[in-house]
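S.K.: Dropping a structure here in structure tokens format, bear with me for questions.
The values are calculated or read from the model by the stated rules, or taken from the named source; none is laboratory data. Computed from a prediction, not measured in an experiment: that's the story for all the values here. All Cβ positions, glycine included, derive from the backbone under ideal geometry; neighbour counts span all protein chains shown.
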Amino acid sequence: MAKKPIRVFRRTDGRIAGEVPVQSSQNRTEPQPVPVYSDGIDGDRSSITQQVHDMPEIYRARTGESAHSQYDELLHCIYDAVMITEMDGSIVEVNARAEHNFIWTKEDLCKMNILDIISGADEQLLDLVRKNVTDQKFTVLEAVCLVGDGSRFSSEIVVNKMRLGRPSLCFFIRDVTRRKQAEEDLRVANERLVEAEKIQARVDTLSTIFYDLNNPLQILTCMAEIDKNEEYKKQLERVVSVLDKLRKQESLEAVRADDGSIRYDISTGTKLQPCDSKRLMVVDDEKLLRDMFVNALSLTIPGVSIESASNGQDAVKIFCQKRPAVIVMDVSMPIMNGEAAFMEIKAECERQGWRLPAVIFCTGFVVSESLSEIVGDGSMHTYLEKPLTMANLIGAVKSRLMPAESSSAP
């Protein structure tokens with residue numbers, strides 16, 4: 001039994017109700033192009049390829065029906081989907097390719113209007129087509145077509161006017177989904193190439209600037225130290241800070257002045273507020289393990305207050321309140337893991353002008369690339385693999401707590 005044609009309902013903005021992404025209506029594997037010639041050096045000759053396709057079943061049926069009509073046989077041989085319509089868009093004839101591409105039978109399609117298969121189209125489109133097509137002109141449309149199974153495909157549609165007998169319109173519809181995708185891929189690739197070239201140009205320019213400024217800045221720095229001029233040293237630190245951000249390709253933070261103008265926040269060389277060197281924090285979702293760490297550190301490092309938290313989110317809150325100098329942080333925790341908590345703490349320190357605490361990550365998993373980047377050379381942050389020894393934990397905490405004590409001393 002032939003299924004009823006799908007009626008397309010359009011919204012006021014011209015889009016289709018229940019719209020789905022554009023995709024090819026051909027759910028089959030296409031044969032790969034194969035070169036025809038391999039014996040020549042002529043580029044045009046070598047570029048000739050072939051793809052051998054099986055004729056769809058509907059084509060075989062239609063050509064069998066039209067064996068005695070050269071016109072019908074030609075119609076069904078055309079590679080594009082062909083739909084012949086009345087001047088009002090009512091479909092009166094289709095070829096086998098149209099039935100195959102749109103997954104509707106000829107009987108279904110001949111009950112529909114051409115506007116039912118062109119997404120977003122209305123009478124205005126038909127008015128333009130009727131106005132444009134003449135004996136000396138034809139119209140080429142690019143549109144999205146709707147298929148009987150609910151899928152859609154990008155198409156190129158050529159419309160001609162037929163005058164033999166009753167005036168009618170002939171729509172040649174070609175699926176160009178692959179071409180559109182190739183064009184989009186090429187556009188994205190070009191944008192990435194242009195951006196890469198811009199980045200390289202900036203890097204080359206900055207490298208030249210750094211090279212030219214390096215020696216003068218070194219001389220000025222030495223002069224400031226010899227003269228013991230703290231003001232000169234502070235201003236030079238500001239310049240070096242900006243150059244360092246540019247070297248690392250970091251963005252300078254934009255600041256809007258009272259008059260509305262934009263300037264950039266350049267460090268004035270003010271020292272960061274130190275963390276509390278008499279305070280530690282242990283973060284682990286396993287209560288027994290957390291308590292064991294706290295007890296061991298309390299016994300071996302007297303005079304130090306130790307906070308504790310069971311997840312990264314609580315750790316961030318406690319740090320903002322207590323500012324411990326060293327944090328023992330489990331990596332895998334519920335709510336917020338150790339890496340995410342570290343990034344939150346780092347961001348808060350940058351906002352508030354605080355010194356970043358030393359973090360000792362504890363993990364029983366393979367160390368991720370992102371955690372390796374955080375730890376760096378291990379001089380400030382580090383990681384200990386579980387199961388760990390208390391001696392290693394205590395040693396890691398002490399080695400990071402003592403520099404904090406000395407740096408905070410007057």
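S.K.: How many residues, within region 219-234, are out of contact with any helix residue (DSSP H, G or I) (no Cβ under 9 Å at 6 or more places or on another chain) and either surrounded by 15 or more Cβ atoms within 10 Å (Cβ to Cβ) or of a type in the set (Asp, Glu) (or both)?
M.R.: 1
S.K.: Between a residue in region 119-131 that is farther than 23 Å from residue 148 by Cβ and any residue that is at pLDDT 90 or above and outside any helix (DSSP H, G or I), which pairs come within a Cβ distance under 8 Å, given they are 6 or more apart or on different chains?
M.R.: Between residues of region 119-131 that are farther than 23 Å from residue 148 by Cβ and residues that are at pLDDT 90 or above and outside any helix (DSSP H, G or I), the close pairs are 129/141; 129/159; 129/169; 130/87; 130/169.
S.K.: Taking residue 306 as the residue in question, decide whether it is crowded, with 16+ Cβ neighbours inside 10 Å, part of a strand (DSSP E or B) and assigned by TED's automatic domain parsing to the domain that holds residue 384.
M.R.: The answer is yes for residue 306.
S.K.: Inside region 38-79, can you point out the residues that are surrounded by 12 or more Cβ atoms within 10 Å (Cβ to Cβ), of a type outside the set (A, V, I, L, M, F, W, C) and modelled with pLDDT of 75 or more?
M.R.: 45, 46, 72, 73, 76
S.K.: Something else about it: When region 125-135 is examined, which residues are found to be surrounded by fewer than 16 Cβ atoms within 10 Å (Cβ to Cβ) and not in a loop (DSSP other than H, G, I, E, B)?
M.R.: Matches in region 125-135: 127, 128, 131, 132.
S.K.: Here is a list of conditions, (1) in contact with an Asp or Glu (Cβ under 9 Å, 6 or more places away or on another chain); (2) closer than 18 Å to residue 295 by Cα, and residue 360 meets all of them except one; can you say which number that is?
M.R.: Residue 360 satisfies every listed condition except (1).
S.K.: Name, by its number, the condition in (1) surrounded by fewer than 17 Cβ atoms within 10 Å (Cβ to Cβ); (2) part of a loop (DSSP other than H, G, I, E, B) that does not hold for residue 104.
M.R.: (1)
S.K.: Among 171, 138, 153, which is the only one that is buried (at least 19 other Cβ atoms within 10 Å of the Cβ) and either farther than 18 Å from residue 93 by Cα or not assigned by TED's automatic domain parsing to the domain that holds residue 76 (or both)?
M.R.: Of the residues listed, the single one that is buried (at least 19 other Cβ atoms within 10 Å of the Cβ) and either farther than 18 Å from residue 93 by Cα or not assigned by TED's automatic domain parsing to the domain that holds residue 76 (or both) is 153.
Let's see how each residue does on (1) among the hydrophobic types (A, V, I, L, M, F, W, C); (2) assigned to a loop (DSSP other than H, G, I, E, B); (3) under 18 Å from residue 241 (Cβ atoms):
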| site | (1), (2), (3) |
| --- | --- |
| 187 | no, no, no |
| 193 | yes, no, no |
| 200 | no, no, no |
| 208 | no, no, no |
| 214 | no, no, yes |
| 217 | yes, no, yes |
| 224 | yes, no, yes |
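S.K.: Exactly one of these conditions fails for residue 26: (1) modelled with pLDDT under 75; (2) within 22 Å of residue 176 (Cα to Cα); (3) in the same structural domain as residue 145 (by TED's automatic domain parsing). Give me its number.
M.R.: Of (1) modelled with pLDDT under 75; (2) within 22 Å of residue 176 (Cα to Cα); (3) in the same structural domain as residue 145 (by TED's automatic domain parsing), only one is false for residue 26: (3).
S.K.: Consider residue 151 carefully, then state whether it is small (Gly, Ala, Ser) and under 19 Å from residue 85 (Cα atoms).
M.R.: When the stated conditions are applied, residue 151 does not pass them.
S.K.: Another question, if that's okay. Here is a check on your reading of the model: is residue 318 surrounded by 14 or more Cβ atoms within 10 Å (Cβ to Cβ) and in contact with a His (Cβ under 8 Å, 6 or more places away or on another chain)?
M.R.: So residue 318 does not fit the description; no.
S.K.: Picking from 111, 161, which residue would you name as being part of a loop (DSSP other than H, G, I, E, B), among the charged types (D, E, K, R) and more than 41 Å from the chain's Cα centre (by Cα)?
M.R.: Step by step, each of 111, 161 is checked, and only 111 is part of a loop (DSSP other than H, G, I, E, B), among the charged types (D, E, K, R) and more than 41 Å from the chain's Cα centre (by Cα).
S.K.: Is it the case that some residue within region 108-117 is of a type outside the set (D, E, K, R), at pLDDT 90 or above and exposed (fewer than 13 other Cβ atoms within 10 Å of the Cβ)?
M.R.: Within region 108-117, not a single residue is of a type outside the set (D, E, K, R), at pLDDT 90 or above and exposed (fewer than 13 other Cβ atoms within 10 Å of the Cβ).
The rows are residues; the columns are (1) at pLDDT 95 or above; (2) out of contact with any Ser or Thr (no Cβ under 9 Å at 6 or more places or on another chain); (3) over 17 Å from residue 386 (Cβ atoms).
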site: 286; (1), (2), (3): no, no, no
site: 290; (1), (2), (3): no, no, no
site: 299; (1), (2), (3): no, yes, yes
site: 302; (1), (2), (3): no, yes, yes
site: 337; (1), (2), (3): no, yes, no
site: 348; (1), (2), (3): no, yes, yes
site: 356; (1), (2), (3): no, yes, yes
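S.K.: I need the full set of residues from region 323-362 which are β-branched (Val, Ile, Thr), surrounded by 15 or more Cβ atoms within 10 Å (Cβ to Cβ) and not in a strand (DSSP E or B), in order please.
M.R.: Correct list: 331, 345.
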